[in-house]
Amino acid sequence: YSLHTKGYMDIEANFDPKSENLRRLGLVSYINPEYSNVDYYAYGPWENYNDRKAGTMVGQYSTTVEKMGGNYVKPQSCGNREGLREVSLTNERGEGLNIKVLDGDCSFSALRYTDAALMKANHLWTAEKSPYIVLHLDAALRGVGNASCGYDVDTLVKYRIAKKQKSYKLRLSSVGR
């Protein structure tokens, strides 16, 4: 379906993980960098994960892509928001993309860096910025206790990505056009 003919496009994504050692399970998309204003309905207002959301509340929040990440000593995947219901990425004129979760669990992050660029860098200021916004839409994301701060530290089993099928259904539509 085309956004131009129907006004929206539904996407059903099905995932069948073959490993219990995945970091994330979902889709990634590169978005026009002009769409850097982020309005979302999910856990917030700051980053949260399946094992770190007790200090957050489900609500409607507004931020920018530049403010979504975390400022860590060692760059790493960051900026996740759990329990996504809806997110809009727009430009200064209010034009852009809206994504609604119609079915299933979904979390998201929108950053100026790929996961590979963050993992490769020793400091955030040395990380290679993407020419696009890197939008992750995850059906599952491994909890924070992932040994990134040392060895012999691991994520509790209940916060890992289980070897079972996951899916979600999203509706994409344009905003302000």
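The values are calculated or read from the model by the stated rules, or taken from the named source; none is laboratory data. It should be emphasised that the depicted structure is a prediction, and the values quoted were computed from it without experimental measurement. Neighbour counts are summed over all protein chains in view; Cβ atoms, including those assigned to glycine, are modelled from backbone coordinates with ideal geometry. With ligands, DNA and RNA removed, areas are computed over all heavy atoms of the protein, side chains included. Shrake-Rupley method; radii C 1.70, N 1.55, O 1.52, S 1.80 Å.
Would you mind stating whether Val87 is surrounded by fewer than 17 Cβ atoms within 10 Å (Cβ to Cβ), at pLDDT 95 or above, farther than 18 Å from Val144 by Cβ and among the aliphatic types (A, V, I, L, M)? Answer is no for this residue.
Open to solvent by less than 40 Å² (accessible area, probe 1.4 Å) and either part of a loop (DSSP other than H, G, I, E, B) or at pLDDT 95 or above (or both): which single residue out of Leu27, Leu118, Leu137, Leu102 fits that description? Spell out the reasoning first.
On the way: Leu27 fails: open to solvent by less than 40 Å² (accessible area, probe 1.4 Å); Leu118 fails: either part of a loop (DSSP other than H, G, I, E, B) or at pLDDT 95 or above (or both); Leu102 fails: open to solvent by less than 40 Å² (accessible area, probe 1.4 Å).
None of the other options fit; the residue is Leu137.
For Glu82, are the conditions met, namely being more than 16 Å from the chain's Cα centre (by Cα) and either surrounded by 21 or more Cβ atoms within 10 Å (Cβ to Cβ) or under 14 Å from Asn32 (Cβ atoms) (or both)? When the stated conditions are applied, Glu82 does not pass them. Total residues in region 37-68 satisfying the condition of being surrounded by fewer than 21 Cβ atoms within 10 Å (Cβ to Cβ), over 13 Å from Ser107 (Cβ atoms) and touching a helix residue (DSSP H, G or I) at 6+ places or on another chain (Cβ under 9 Å): the figure is 1. A count restricted to region 105-115 and to residues that are assigned to a loop (DSSP other than H, G, I, E, B) and either open to solvent by 30 Å² or more (accessible area, probe 1.4 Å) or among the acidic types (Asp, Glu) (or both) stands at 4.
Out of region 97-135, which residues are of a type in the set (Gly, Ala, Ser), over 15 Å from Thr63 (Cα atoms) and touching a residue at least 60 places away in the same chain (Cβ under 8 Å)?
If the condition is that a residue be of a type in the set (Gly, Ala, Ser), over 15 Å from Thr63 (Cα atoms) and touching a residue at least 60 places away in the same chain (Cβ under 8 Å), then Gly104, Ser107, Ser130 are the ones that fit.
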